[in-house]
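> Just dropping this structure here.
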Amino acid sequence: MGLTKHPYFEWLRTITETFIWCSKMTEQQLQARPLYGIGTVARLTGLKPDTLRVWERRYSLGASQKSETGRRQYTQADLEHLQLVSALLSSGSRIGEIASSERKTLERLVEACTDKPRTQVAKKPSVVFVGEAICDWLGDHQGCLTGVSAQLASTRLEAVDLDIFAGVEDVDLLVVACDRMNTGQMSKLNQLREIVNPTSVLVLQSGMSESWLNELSSEGIANMAFPPDRAELAFHITRSSAEKATRDGINSLADLVTARPRLHTEAGLAEALTMETSIACECPQHLSGLITQLAEFEAYSAECSADSWKDAAVHSCIYAYASQARWLMEKALDMALQSHEDEVGQKRLKSA
């Protein structure tokens, strides 16, 4: 028997191959970003850290990751799940009844407990990033992941293991960093699209040939230069989320950008507009007129169309600022009306 056929060497070869395979799989894991500590999760959910620790031990309801030092690290999905649980507890549910429920079940329960479906927990855009360059870049620009539920595969497109994306779903945007493009990489990209099924795809490139850029465009794939402009990257993330929302039946910017709540009805503003007081002040009338105009402009800006990502970003800011201005004027009107009520109350006391 040759040495290479000896059982010991067969065993050693098996161990070596297993070690190489495990090392490969360890390297190619999706990394969730951002990650939150237990203190941040407690603040964002209204739950006490001790409660979170007990739930983790008792219901396996907790952080899906831990740091090298053993500290709990909550992903965006973990946080949103716990926010749903917290909302249901506030509505009277018991933790033992909902601890094992899946997210979709929790969302339906939350919707059943409120008159405003899907506003209790705002779901953040889901983005998958593929490529060593973009993952390294994000490490230096973590602010780009604020408000995003991201998963990072720090591996070149041609070498990425597609199996790590099994179970990844509901993706808004797939971002792939790829300096050049060839037939093999394009095939890999299409396979990845089929698995992840994103709403939109963005390729980050540097020096890609015009023919491949045209090929990407014909496939409905956007591209931008690497390193990316942060504002433009944010636009692509927001746009992909908006496209998905539009597909699901949301067509107004007002449904995508959280606006300040209305504090006064149209009837209340009309009443304030004609209010008469004994003091030489017409603040309620002027404020009512301003609020009506701001509310009309707020509704108009929510429906404005945009021809480019810069226009869309500008209109989003205009809508948000108009909403803020209208809300501030309504707060001012509250103060003016309160002053009027105090005046009326004093008159009644004197007449009594």
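The values are calculated or read from the model by the stated rules, or taken from the named source; none is laboratory data. Remember, predicted model here, so these are calculated numbers, not experimental data. Neighbour counts are summed over all protein chains in view; Cβ atoms, including those assigned to glycine, are modelled from backbone coordinates with ideal geometry.
> What about Glu56, is it of a type in the set (D, E, K, R), out of contact with any Cys (no Cβ under 9 Å at 6 or more places or on another chain), outside the structural domain of Ala150 (by TED's automatic domain parsing) and modelled with pLDDT under 90?
On the way: of a type in the set (D, E, K, R): yes; out of contact with any Cys (no Cβ under 9 Å at 6 or more places or on another chain): yes; outside the structural domain of Ala150 (by TED's automatic domain parsing): yes; modelled with pLDDT under 90: no.
No; evaluated as a whole, the condition is false for this residue.
> Quick one: Lys331 ticks every box in (1) in a loop (DSSP other than H, G, I, E, B); (2) at pLDDT 80 or above bar one, so which box is it?
Checking Lys331 against (1) in a loop (DSSP other than H, G, I, E, B); (2) at pLDDT 80 or above, the one that fails is (1).
> Just the residues that are touching a Leu at 6+ places or on another chain (Cβ under 9 Å) and within 16 Å of Trp137 (Cα to Cα), please, taken from the range 210-239.
Met224, Ala225, Phe226, Pro227, Pro228, Leu233
> Does the range 37-73 hold any residues that are among the hydroxyl-bearing types (Ser, Thr, Tyr) and in contact with a Leu (Cβ under 8 Å, 6 or more places away or on another chain), and which are they?
The answer is Thr45, and nothing else.
> Has the range 120-129 got at least one residue that is of a type in the set (S, T, N, Q) and surrounded by fewer than 18 Cβ atoms within 10 Å (Cβ to Cβ)?
No: the range 120-129 contains no residue that is of a type in the set (S, T, N, Q) and surrounded by fewer than 18 Cβ atoms within 10 Å (Cβ to Cβ).
> When both residues are 6+ apart or on different chains and their Cβ atoms are under 8 Å apart, which pairs have a first residue that lies in the range 193-219 and is outside any helix (DSSP H, G or I), and a second that is buried (at least 19 other Cβ atoms within 10 Å of the Cβ) and of a type in the set (Asp, Glu)?
Taking only residues 6 or more apart or on different chains, the pairs are Pro198/Asp172; Thr199/Asp172; Ser200/Asp172.
> Further question on the same structure: Thr18 - would you say it is at pLDDT 85 or above and β-branched (Val, Ile, Thr)?
So Thr18 does not fit the description; no.
> Which numbered condition trips up Asn190, out of (1) surrounded by fewer than 15 Cβ atoms within 10 Å (Cβ to Cβ); (2) part of a loop (DSSP other than H, G, I, E, B)?
(2)
> Taking into account only those residues within the range 159-170 that are part of a loop (DSSP other than H, G, I, E, B) and surrounded by 16 or more Cβ atoms within 10 Å (Cβ to Cβ), which is modelled with the lowest pLDDT?
Among them, the one singled out is Val168.
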